[in-house]
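The values are calculated or read from the model by the stated rules, or taken from the named source; none is laboratory data. Note that the coordinates shown come from a computational prediction; the quantities given were computed from them, not determined experimentally. When we count neighbours, we look across all protein chains shown, and the Cβ atoms used for this are built from the backbone with ideal geometry, even at glycine.
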Amino acid sequence: MKKMTFGYLYDFRNPQQWRRPWADLYAQTLEFITWTESIGFEGAWVPEHHGSEDGYAPSPLVTLAAIAARTRTIKLGSAIALAPLYHPVRFAEECAVLDILSNGRLEMAVAIGYRRREAEAYGVDFSARGRRTDEFLEIVRRLWAGESFSYEGKHFTLKNASIAPLPVSGRIPLYMGGFNEKALERIAKYGDGYFGNMEVVDTYLEKLRACGKDPASARIRIQGLFVVVAHDPDEALQELAPYFHYVNNAYGQWLNEDRASTGFGEETLLKPMTLEAFKKSGILSILTPGQAIEMFNNMRAKAPVEHVMMMLPPGMPPAKFTEYAQVFANEVIPAFQ
């Protein structure tokens, strides 16, 4: 069994109630990322959303370039980039340069997105974002493979497209996110791996079988955004709950905007709630090192999970979160090497 690795997601949000100068927020987060590499974490991931008052990372590729320049070994990439909002040639070129800057450490993840207002702000037809993404994926892959070609699709028309330089790693891994049947079919067909939640992994493995692919060689990375390890979970809950409560309510609000487009059932949606209700909900999973090791081992018993990403909670100064990352690095990571 190959080793399981761990990393953090960084959304660079700056909520009003904890607002810091933007330059400080970015500088401190980049410093934290460099430090996590030094203690054994192996991933730094940047998501993407647009038009958010708290500044939720709108430009993952630019941010990843800054991470690439400050790190040496850690894998880095989007988690996730919103494929319908990119021109495929520009995306292919910028990722190729990022792969070169990071010396082959880039691993991208894309999805079609679930917020209508983001697509509309970009002038993209929200109802066509799946078909647009299919064309995007075909074009990007062919460009990374070094092809020169013309392409006529419903969403993109290209004449003699090619890119240079090519990615240093030959082929940048392209993971895909999604939760409903249609999304999982697209991922099995086009993706190099799945990025998302444990509860739909079984369906993803079925879709791989249906495509004639071997589920045993699946590449799966899981987001554990509400997972933290601490020696005293009760004490940690009091300190961390306000920040993760903010995350819960922000996502809860977004997921309810266009409920049908998320692919989640009613019962799995995050919902806005009071801080006290959030503390009691169990959504924030604060585990002792032993409990975390057991949980990750259970994950691996169910599917070939290769990487788990947690999150640096928005609003919390990175310096205050280092103790939690250090406990994880000291007591959980060694169990999976």
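Structure summary
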{"quantity": "Of all residues making up segment 152-169, the number that are in contact with a strand residue (DSSP E or B) (Cβ under 8 Å, 6 or more places away or on another chain) and touching a residue at least 60 places away in the same chain (Cβ under 8 Å)", "calculated": "4"}
{"quantity": "Members of segment 176-188 found to be surrounded by 17 or more Cβ atoms within 10 Å (Cβ to Cβ), in contact (Cβ under 8 Å) with a residue 24 or more places away in the chain and either under 17 Å from the mean Cα position of the chain (by Cα) or part of a loop (DSSP other than H, G, I, E, B) (or both), listed by number", "calculated": "MET176, GLY177, GLY178, PHE179, ALA183"}
{"quantity": "Total residues in segment 301-312, condition of a type in the set (D, E, K, R) and within 19 Å of the chain's Cα centre (by Cα)", "calculated": "1"}
{"quantity": "Residue ID - farthest from the chain's Cα centre (by Cα), chosen from residues in segment 189-211 that are in a loop (DSSP other than H, G, I, E, B) and more than 23 Å from GLN291 (Cα to Cα)", "calculated": "CYS211"}
{"quantity": "Per-region count, segment 284-306, residues part of a loop (DSSP other than H, G, I, E, B) and either modelled with pLDDT under 95 or touching a Cys at 6+ places or on another chain (Cβ under 7 Å) (or both)", "calculated": "2"}
{"quantity": "Residue in segment 144-153 that is buried (at least 16 other Cβ atoms within 10 Å of the Cβ), outside any strand (DSSP E or B) and under 24 Å from the mean Cα position of the chain (by Cα) present", "calculated": "yes"}
{"quantity": "Test: residue in segment 23-38 that is within 19 Å of LEU174 (Cα to Cα) and either touching an Asp or Glu at 6+ places or on another chain (Cβ under 6 Å) or surrounded by 14 or more Cβ atoms within 10 Å (Cβ to Cβ) (or both)", "calculated": "no"}
{"quantity": "Residues located in segment 237-274, provided they are closer than 20 Å to MET311 by Cα, surrounded by fewer than 14 Cβ atoms within 10 Å (Cβ to Cβ) and at pLDDT 95 or above", "calculated": "GLN238"}
{"quantity": "Search result, residues across segment 160-175 that are surrounded by 12 or more Cβ atoms within 10 Å (Cβ to Cβ), assigned to a loop (DSSP other than H, G, I, E, B) and among the aliphatic types (A, V, I, L, M)", "calculated": "ILE163, LEU166, VAL168, ILE172"}
{"quantity": "Subset of segment 113-131 that is in a loop (DSSP other than H, G, I, E, B), surrounded by 19 or more Cβ atoms within 10 Å (Cβ to Cβ) and out of contact with any Pro (no Cβ under 8 Å at 6 or more places or on another chain) - its residue that is modelled with the lowest pLDDT", "calculated": "TYR114"}
{"quantity": "Spans of strands (runs of 3 or more DSSP E) in segment 1-110 with at least 3 residues of a type in the set (D, E, K, R), more than 22 Å from GLY252 (Cα to Cα) and touching a residue at least 40 places away in the same chain (Cβ under 8 Å)", "calculated": "none"}
{"quantity": "Set ASP134, ASP214, ASP125: member being among the charged types (D, E, K, R) and within 21 Å of the chain's Cα centre (by Cα)", "calculated": "ASP134"}
{"quantity": "Extreme residue, farthest from ALA121 (Cα to Cα), among residues of segment 28-82 that are under 12 Å from the mean Cα position of the chain (by Cα) and β-branched (Val, Ile, Thr)", "calculated": "VAL46"}
{"quantity": "Unique residue being surrounded by 22 or more Cβ atoms within 10 Å (Cβ to Cβ), among the aliphatic types (A, V, I, L, M) and under 24 Å from ALA128 (Cβ atoms) when the list is LEU61, LEU82", "calculated": "LEU82"}
{"quantity": "Members of segment 307-333 that are assigned to a helix (DSSP H, G or I) and farther than 20 Å from ARG221 by Cβ", "calculated": "PRO318, ALA319, LYS320, PHE321, THR322, GLU323, TYR324, GLN326, VAL327, ASN330, GLU331"}
{"quantity": "Selection within segment 285-309 - buried (at least 17 other Cβ atoms within 10 Å of the Cβ), hydrophobic (A, V, I, L, M, F, W, C) and out of contact with any Leu (no Cβ under 7 Å at 6 or more places or on another chain)", "calculated": "LEU287, ALA292, ILE293, PHE296, MET299, VAL305, VAL308"}
